[in-house]
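Chemist: Have a look at the structure that comes next, please.
The values are calculated or read from the model by the stated rules, or taken from the named source; none is laboratory data. Everything numeric in this text was worked out from a predicted model, so none of it was measured. In this analysis, Cβ positions are derived from the backbone assuming ideal geometry, glycine residues included, and neighbour counts consider all displayed protein chains. For the accessible areas, the whole protein counts, side chains as well, though only heavy atoms, and no ligand, DNA or RNA atoms are used. Shrake-Rupley method; radii C 1.70, N 1.55, O 1.52, S 1.80 Å.
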Amino acid sequence: MFDVVFQFINGKDIFGLNSPHPRKFSGPFGSELVAGGYILNFSFFALSLPFSTQLFKNKKSIYLFPLFILIISSLIMAGNRMSIILFLFTLGFFSIFKQKYFNYFLIILITVFSLIFFLKKNNPLVNHNINHFQASVVSMFNISKNVLTNNFEDSDRQKNDFPEQLREFETFYDTWQLNKYIGGGIRSYRFNCTMRGNISLNERITCNTHPHNYYLEIITDLGIFGLLAFSFLFFKVFIESLKITFLLKSRKNFLLFPFIMILFVEIFPLK
């Protein structure tokens, strides 16, 4: 986390590495823009530390508040917008089960938006990154609305503001239709995508290695039966973990928290 902030301020991280992207910062990962995902997952371990140990007994806020600022700052500077959304959504979801922590979540939410507003106003890179994300979300929402109301034309796909993610989502459906029930096999999407029906020359560029959504990839590779089996297995593990953590009163249960949160992030449908 600190290394990403250091790179954002100084242009290079503490190891002298530059970011390969003009408005995203990779920290120690060099050319790989994966810092946001690592910060997201490891932040849950850092946040659970005072609850699962005897550290910071009556001074949790002294530890947690600066940590939240560091986490959110580094996520914003890493440029991975989805990591920020998943971080807040996960904290909000789990605060529902622990009512006494919900007030803390509201404080966190206010702090996050205040920090985003401050950085957006005072840093052109952050401002551009946030504006780009907002424009993509609005564009995807408007296109989805037009599709549902039959106001969408094929020529709209050629417009510059047509999100690349939607181009890749579109290729999923016809690819899945090739093997609806048992799928085409693990990592088969990249091969079957170009074999699907209803394909035009311009669409072939959207056949990526995966359809950019875990659930779409699973149903394409393993079919309906595979998706049902996957969903049952992971959601059962998730529910059982929640029962152990919240129904059994023990400090040791907090040791499960970061693992459950990471599982929640990984199975989140919109990831």
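Chemist: To the nearest 10 square angstrom, what accessible area does Arg81 show with a 1.4 Å probe?
Modeler: Approximately 50 Å² for this residue.
Chemist: Just to verify a number: what accessible area does Leu17 come out at with the full protein assembly present, 1.4 Å probe, Å² rounded to tens?
Modeler: 60
Chemist: Mind giving me the nanometre distance, one decimal, between the label points for Ser114 and Phe238, set 7 Å out from Cα along Cα→Cβ?
Modeler: 3.2
Chemist: Please calculate the 1.4 Å probe accessible area of His210, with all protein chains present, and give it to the nearest 10 Å².
Modeler: 60
Chemist: On a 1.4 Å probe surface of the protein chains, which of Ile260, Ile116, Ile186 comes out largest in accessible area, and what is the full order?
Modeler: Values: Ile260 5, Ile116 35, Ile186 120 Å².
Largest to smallest exposure gives the sequence Ile186, Ile116, Ile260.
Chemist: Provide Tyr63, Tyr214 ordered by accessible surface of protein heavy atoms (probe 1.4 Å), highest first. Could the numbers behind the result be given before it?
Modeler: Working: Tyr63 45, Tyr214 100 Å².
Solvent-accessible surface, decreasing: Tyr214, Tyr63.
Chemist: Using 25 Å as the Cα-Cα cut-off, could you pick out the over-long pairs in Lys59/Lys236; Lys60/Lys121; Lys180/Lys243; Lys236/Lys271?
Modeler: On the way: Lys59/Lys236 36 Å; Lys60/Lys121 31 Å; Lys180/Lys243 34 Å; Lys236/Lys271 20 Å.
Violating the 25 Å limit, Cα to Cα: Lys59/Lys236; Lys60/Lys121; Lys180/Lys243.
Chemist: Right, something else. Keeping every protein chain in place, order Glu168, Glu266 by accessible area at 1.4 Å, biggest value first, i.e. largest first.
Modeler: Working: Glu168 15, Glu266 65 Å².
Most to least solvent-accessible, the answer reads Glu266, Glu168.
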